[in-house]
Amino acid sequence: MSSHERRKPSRRTVILFSIFTVLVVCYELFLWFSSSTAPTSATQSAVHFLDVGQGDCALIVSGEEAILIDAGLTAASERVTSDLEQAGISKLTAAIATHAHEDHIGSMETVLRKFPTKTLYLPRQTANTRAYESMLDAAEDTGTQVQIPTPGQVLQFGEDAAMTFLAPPPDSVYENLNDSSIISLFSQNGQRVLFTGDSEAPAETELLAAHPDLACDVLKVAHHGSNTSSTDAFLDAAHPRLAVISCGKFNDYGHPHPETIAKLTAREIQIHSTAEQGTYIYPIIKQEGANAT
């Protein structure tokens, strides 16, 4: 045999390689199914935490109605509209732009123009940016009502679902635009999901003073898991079973921060990161003995 001639792999090597290949394929299929976007029917009540890269976007579906909270970067427009279509959405009862940063409102213009929307909720603080002005132009062009919600205001929709606005307080002005984020609590069938935008420690402290009972089943972790949010007092008040972090893989900000992950882990809170696991769908299942909201 020539010294340059390759040795034929043994049967054992071939079998082991085949098993490894099958395992890899099975794992990839598992990841694909676990991150798939939601039901084809819009009649199933669920909260969809959409993977939009480095940004925020969540879809709440209840019966024949739906609410969108934030819409990710402008670059994510096609992904956002595709996800809404796959979820069976043709119109929106409301859209909530938590605050004026582009990674939360960038695709809102496209959403408003493609999906008829009854009301667009905005915080009082604005921004002189192209994304913000484009969103307002789209609302005006499509006849979407623009409203600044007040704490305690409740939006009833769908099948006994409610969205309660908790913050920011009226006429409040913040040096940090993140702290102007609309914070809201979705409730249905005894399930509670808390949405926090990019609110940081000062806003969390202010919220706790006004609403000490923040208990929820699911927490949309503020500011993509940054260590400027998720204070100990806030996490203790919310004490969710599940925390969802929306951020992009290998993002430039180091989100989520190890300190935040450590806090969640210490409290035995299950963590889902869109950067690692993609879109997450939280089904709203009525619990025995639970009130409607």
Mind pulling the per residue volume of the convex hull built on the Cα atoms of the stretch 208-293? Å³ is fine. 109
Where labels lie 7 Å past Cα in the beta-carbon direction, separation of T150 and D213 in nm: 2.2
Taking only the Cα positions of the stretch 106-157, the convex hull volume per residue in Å³ is 81
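Out of every Cα-Cα pair in the stretch 144-293, what percent are more than 17 Å apart?
62
First measure r as the distance between the Cβ atoms of T142 and D171, then evaluate 1/(1 + (r/R0)^6) with R0 = 41 Å and state the FRET efficiency to the nearest 0.05.
It comes out at approximately 0.90.
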Rounded to the nearest 20 debye, dipole of the stretch 120-262 from Cβ charges on Lys, Arg, Asp, Glu: 300
What ³J(HN,Hα) values, in whole Hz, does the Karplus curve 6.51 cos²θ - 1.76 cosθ + 1.60 give for the stretch 207-216 when θ = phi - 60°, with x put for Gly and Pro? 5, 4, 5, 8, 9, x, 9, 10, 3, 8
I'm a student and want to see the number: the projected area of the Cα convex hull of the stretch 50-135, averaged over all directions, in nm². 4.9
Given a 1.4 Å probe, how much area per residue of the stretch 160-239 is accessible, in Å²? 32
Kindly report the accessible area of the stretch 56-145 per residue (heavy atoms of protein chains, probe 1.4 Å, no ligands, DNA or RNA), in Å². 39
Find which of T117, A161, Y174 sits farthest along the positive direction of the dipole of the stretch 111-179, computed with +1 on the beta-carbon of Lys and Arg, -1 on that of Asp and Glu, about the Cα centre. T117
Leaving out ligands, DNA and RNA, what percent of the accessible area of the stretch 90-215 is carbon and sulfur, probe 1.4 Å? 48
Solvent-accessible area of I96 with every protein chain in place, 1.4 Å probe, in Å² to the nearest 10: 0
Once each part is reduced to its C-alpha centroid, what is the distance from the stretch 222-290 to the stretch 71-101 in angstrom? 21
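The values are calculated or read from the model by the stated rules, or taken from the named source; none is laboratory data. All figures in this text were calculated on a predicted structure; none of them were measured in a lab. With ideal geometry, Cβ positions are generated from the backbone for all residues, glycine too; neighbour counts draw on all protein chains shown. We work out accessible area using only protein heavy atoms, side chains counted, and drop any ligands, DNA or RNA first. Shrake-Rupley method; radii C 1.70, N 1.55, O 1.52, S 1.80 Å.
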